[in-house]
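Below is one structure, written out as structure tokens; comments come after it.
All of the numbers you see were taken from the coordinates with simple rules; none came from a lab. Not measured: the values here are computed from a predicted model. Cβ coordinates were reconstructed from backbone atoms using ideal geometry, including for glycine residues, and neighbour counts include every protein chain displayed.
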Ligand code: AGP
């Protein structure tokens, strides 16, 4: 059938879409640069970001996780305060808004009902909204004041992969453009850094055997799995856990390393799989400490680190990339490990039970 043709030689859309990520990065670079190779973005969007005294990012699921990374990017690069919210919570529990808010909706499909409910509400209040989506003519894109496209190509697998990295890349571009608009001097070129990310992604896509091995060793029979990290790594851990639970049905949770001792560590038993991300220099010592703490209580640990921060027993070492952009690369092994875990457990990778690709009801 038609879907077999689109999959090409791939057994699943998810694997194909994971592998497409380096191309998507290069596509985004091309789409967001002018003839001189400089970053280009709509003047209207630039002005809206410059005017805003606070940005509210609204999204669900994986797009929400991209929004958490986006918050960090916009705050650190463009110096604008950002709050990141789950749409279905925001709509019933709206925080006190700033005087000049700008709303950013992140949605792969552009059709998510929970996000749309917030958009309708903030339009009623007279606020401006920007939608970042993979589907230009979608409801959220039509109903917002501005749109940014992800240029990721159709995402078919229920588990979102390439849309997540595309969302983060576009948020990074938006952050840098806003910094330029505010006259903030930056010591890096975002398009060059994204090109380095694309190459790093390719290196990881070539390490599928190792990811498969980790999935087999850690996840083939377990009933649970924990992902731990700090700072940006923590946000990626939330996404890693969602990916694993939705396609392999393993109970998985992402935890902030420092919170373990406040309760979560009670869950660690002999043989509990704990996958740790250690890609952030400023928290490297602390997360390494957390890995030792869980290992001492019997956890079976797997550390994914970054060139320059690696230690002897680390299972995967990511190529070095700009510290702001590590989530773009560190998520890739997580996606692949989830994929292989689902395969080992005979799950329907592309169409997990109880889930729809886009959730158009409340
Ligand atoms: C991701 O793997 C999920 N299937 C899901 O969380 C998804 O990201 C969420 O439903 C939001 O969808 P959207 O980006 O199309 O709005």
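Values for this structure:
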| quantity | calculated |
| --- | --- |
| One residue from 301, 326, 272, 264 being closer than 23 Å to residue 63 by Cβ and away from the ligand (no atom under 16 Å from the Cβ) | 326 |
| Residue match in region 344-362 (condition: closer than 20 Å to residue 246 by Cβ, assigned to a helix (DSSP H, G or I) and within 16 Å of the ligand (Cβ to nearest atom)) | no |
| Residue satisfying condition, being within 16 Å of the ligand (Cβ to nearest atom), outside any helix (DSSP H, G or I) and buried (at least 17 other Cβ atoms within 10 Å of the Cβ), within set 80, 18, 57 | 57 |
| Hits in region 42-54 - residues which are surrounded by 18 or more Cβ atoms within 10 Å (Cβ to Cβ) and more than 13 Å from residue 130 (Cα to Cα) | none |
| Flag for residue 283 being farther than 30 Å from residue 16 by Cα, surrounded by 19 or more Cβ atoms within 10 Å (Cβ to Cβ) and more than 16 Å from the ligand (Cβ to nearest atom) | yes |
| Residue check, residue 119 within 16 Å of the ligand (Cβ to nearest atom), over 28 Å from residue 12 (Cβ atoms) and assigned to a helix (DSSP H, G or I) | yes |
| Leading residue by the ranking (farthest from residue 281 (Cα to Cα)) among those in region 237-264 that are touching a strand residue (DSSP E or B) at 6+ places or on another chain (Cβ under 6 Å), in contact (Cβ under 8 Å) with a residue 24 or more places away in the chain and assigned to a helix (DSSP H, G or I) | 244 |
| Close pairs from region 89-103: first surrounded by fewer than 14 Cβ atoms within 10 Å (Cβ to Cβ), partner outside any strand (DSSP E or B), Cβ under 8 Å, at least 6 apart | 99/53; 100/51; 100/52; 100/53 |
| Of all residues in region 24-44 being without any contact (Cβ under 8 Å) to a residue 24 or more places away in the chain and in a helix (DSSP H, G or I), the one that is farthest from residue 179 (Cα to Cα) | 30 |
| Qualifying residues in region 123-141 (those that are more than 9 Å from the ligand (Cβ to nearest atom), part of a helix (DSSP H, G or I) and in contact (Cβ under 8 Å) with a residue 24 or more places away in the chain) - the one surrounded by the fewest Cβ atoms within 10 Å (Cβ to Cβ) | 139 |
